[in-house]
Amino acid sequence: MTDIITGKVVRVIDGLTIVINRGEAEGVTFENKFLIYRLGEEIIDPDTNESLGVLELVCGEGKPTHIQEHMTTLHTSKTKNKKTKTVVKTGIFGNTEEIYDPETYEVPFENVEVGCLIKQIK
């Protein structure tokens with residue numbers, strides 16, 4: 001099994017595009033997908049009083065669009081669908097008909113900043 005690629009965000013281009021500090025030399029390919037996250041607080045099990053670990057606060061998911069030797073540009077890979085309603089008048093009586101067109105849009109990264117962590121999820 002191949003090692004999972006981990007690293008950090010080194011540049012935020014915009015809400016949809018970031019740069020990470022891993023590239024071709026570290027095994028990044030265009031087939032990879034990455035989880036971008038920040039670390040939250042430590043979570044303690046109320047029954048055992050043992051640490052369950054540190055909560056990962058997800059900023060988004062991204063896929064490579066440009067791979068260099070030691071850095072990669074990632075673009076958000078999350079999309080959402082929304083339906084756009086169009087009202088059309090038809091017939092001689094001016095009846096209306098509602099038509100719903102599906103529209104897909106890209107979901108921006110949330111609260112991503114330099115230093116956020118990344119890990120390969122595919």
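The values are calculated or read from the model by the stated rules, or taken from the named source; none is laboratory data. A quick note: this is a predicted structure, and the numbers were derived from the prediction, not measured. For neighbour counting, all protein chains shown are included, and Cβ atoms are generated from backbone atoms with ideal geometry for every residue, glycine included.
Would you check if E106 is surrounded by fewer than 16 Cβ atoms within 10 Å (Cβ to Cβ) and either modelled with pLDDT of 95 or more or within 13 Å of Y37 (Cβ to Cβ) (or both)? Outline the logic, then answer.
Values: surrounded by fewer than 16 Cβ atoms within 10 Å (Cβ to Cβ): yes; either modelled with pLDDT of 95 or more or within 13 Å of Y37 (Cβ to Cβ) (or both): no.
No, not satisfied.
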Query raised in the report: Since G94 meets every condition but one in (1) at pLDDT 95 or above; (2) on the phi > 0 side of the Ramachandran plot, which condition does it not meet?
Result: (1)
**Report entry** Subset of the stretch 36-86 (residues that are surrounded by 11 or more Cβ atoms within 10 Å (Cβ to Cβ), without any contact (Cβ under 8 Å) to a residue 40 or more places away in the chain and not in a strand (DSSP E or B))
**Finding:** K78
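Among the residues of the stretch 9-23, how many are surrounded by 14 or more Cβ atoms within 10 Å (Cβ to Cβ) and either of a type outside the set (S, T, N, Q) or on the phi > 0 side of the Ramachandran plot (or both)?
Quick first cut of the stretch 9-23, residues surrounded by 14 or more Cβ atoms within 10 Å (Cβ to Cβ) only: 9-10, 12, 15-23.
Now narrow it down to the ones that are either of a type outside the set (S, T, N, Q) or on the phi > 0 side of the Ramachandran plot (or both): 9-10, 12, 15-16, 18-20, 22-23.
Of the residues in that region, 10 qualify.
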